[in-house]
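The values are calculated or read from the model by the stated rules, or taken from the named source; none is laboratory data. Given the structure is predicted, the values throughout are model-derived calculations rather than measurements. Here Cβ is always computed from backbone atoms with ideal geometry, including for glycine, and neighbour counts include all displayed protein chains.
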């Protein structure tokens, strides 16, 4: 397929793709003290699952969004085969980088930012020391596989062990020095030792982490995978459809609300946050709904001050739409985004400089589009949304180049 003719002059950046982690790859990076998590296998289908704190990842089919293919062998499954026979990569770890680059060539994508898949379970670990070891091993593995001139087309988001904020900050500093990391991937909730992760990413304890990320010019990607990431509300549902539908969108809405209400953008004004996996169409509605509620803050603040002398929202200085349009908030723009909603994101919220094209390669939700991702994006999203050539160039090239400091 390759790059569509009308895009031949652009350097196309995919700002949200993935590694599919294999258990066999990580022991050498854990050192002698720690061992990789236990792996269980379904004897009938061959599906393999990670086990962490007694919980399976991806969750088994029928529980909290689980997938019957699992994630370890997600793309090439021993029973059900390949998700897309056009894929060249032998597996989707970083052991077949040449195959991955061949797939990028098929799509017409020049640069790729990879996010973790199963690696996001590290944020669920109840044991902080083990989370530190696993995060370091993940980052070291990725850096090891992406070193050298031949893989400069691939960049990565790091994992940091937020169960211990001081260790997380040290890991931010380390991954910055490693050179291949352009962002940090975090979920909406992090473990604080309970059965599931329930400490929100906008908690006061995490402000020093956000300050360090901003200081080192590393954007923070709010990234969840409902079958892996722990979120308290998802355990209300057992069905894949419900958990997937609520999981991605609610995680983004909760994170944005908290980052604004707890004053993270006020206290860390240079912080850049990327919302991934839910497209961009949720933002117009959520911007309006947050504005509706934040406009009432002053009257609530007055009541609290009169009665208790306490300001319940000391860092809320503006309504949500003002924070959203200030330039700190980015969102991925995907092949199946609704063009009418994209129009609102650009024309009402003014986010044409903050849209980042993403393929979600090689996850099941979007892999059917491969390798025609760019053509489908142009014909089904960009053109029906009325995006100008300049706006298309921003989404496919310029915005990523500016955000990740890429030399194009």
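Return the only residue of 341, 374 being touching a residue at least 24 places away in the same chain (Cβ under 8 Å) and within 22 Å of residue 19 (Cα to Cα).
Details: 341 fails: within 22 Å of residue 19 (Cα to Cα).
None of the other options fit; the residue is 374.
Residue-by-condition table, conditions (1) assigned to a loop (DSSP other than H, G, I, E, B); (2) under 21 Å from residue 126 (Cβ atoms); (3) modelled with pLDDT under 95:
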site: 11; (1), (2), (3): yes, no, no
site: 14; (1), (2), (3): no, no, no
site: 17; (1), (2), (3): no, no, no
site: 24; (1), (2), (3): no, no, yes
site: 32; (1), (2), (3): yes, no, yes
site: 43; (1), (2), (3): yes, no, yes
site: 64; (1), (2), (3): yes, yes, yes
site: 68; (1), (2), (3): yes, no, yes
site: 72; (1), (2), (3): yes, no, yes
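Look through 52, 56, 83 and report the one residue that is touching a strand residue (DSSP E or B) at 6+ places or on another chain (Cβ under 7 Å) and over 14 Å from residue 22 (Cα atoms).
Result: 56 is the single residue among 52, 56, 83 that is touching a strand residue (DSSP E or B) at 6+ places or on another chain (Cβ under 7 Å) and over 14 Å from residue 22 (Cα atoms).
Out of (1) closer than 26 Å to residue 233 by Cα; (2) touching a residue at least 40 places away in the same chain (Cβ under 8 Å); (3) surrounded by fewer than 17 Cβ atoms within 10 Å (Cβ to Cβ), what's the single condition that is false for residue 23?
(1)
Read through the list (1) at pLDDT 95 or above; (2) on the phi > 0 side of the Ramachandran plot, then give the number of the only condition that residue 172 fails.
Single failed check for residue 172: (2).
Take the range 355-395 and flag every residue that is crowded, with 20+ Cβ neighbours inside 10 Å, assigned to a helix (DSSP H, G or I) and touching a helix residue (DSSP H, G or I) at 6+ places or on another chain (Cβ under 7 Å).
Hits for the range 355-395 are 369, 373, 374, 381, 382, 392.
Look at residue 72 and say whether it is within 20 Å of the chain's Cα centre (by Cα) and surrounded by 14 or more Cβ atoms within 10 Å (Cβ to Cβ).
Here the answer is yes, as residue 72 does meet what is asked.
Scanning for something in contact with a helix residue (DSSP H, G or I) (Cβ under 7 Å, 6 or more places away or on another chain) and under 24 Å from residue 95 (Cα atoms), does the range 161-174 turn up at least one residue?
yes
Having 2 or more residues that are closer than 29 Å to residue 87 by Cβ is the bar; report the helices (runs of 4 or more DSSP H) wholly within the range 102-221 that clear it.
Result: 128-145, 165-178.
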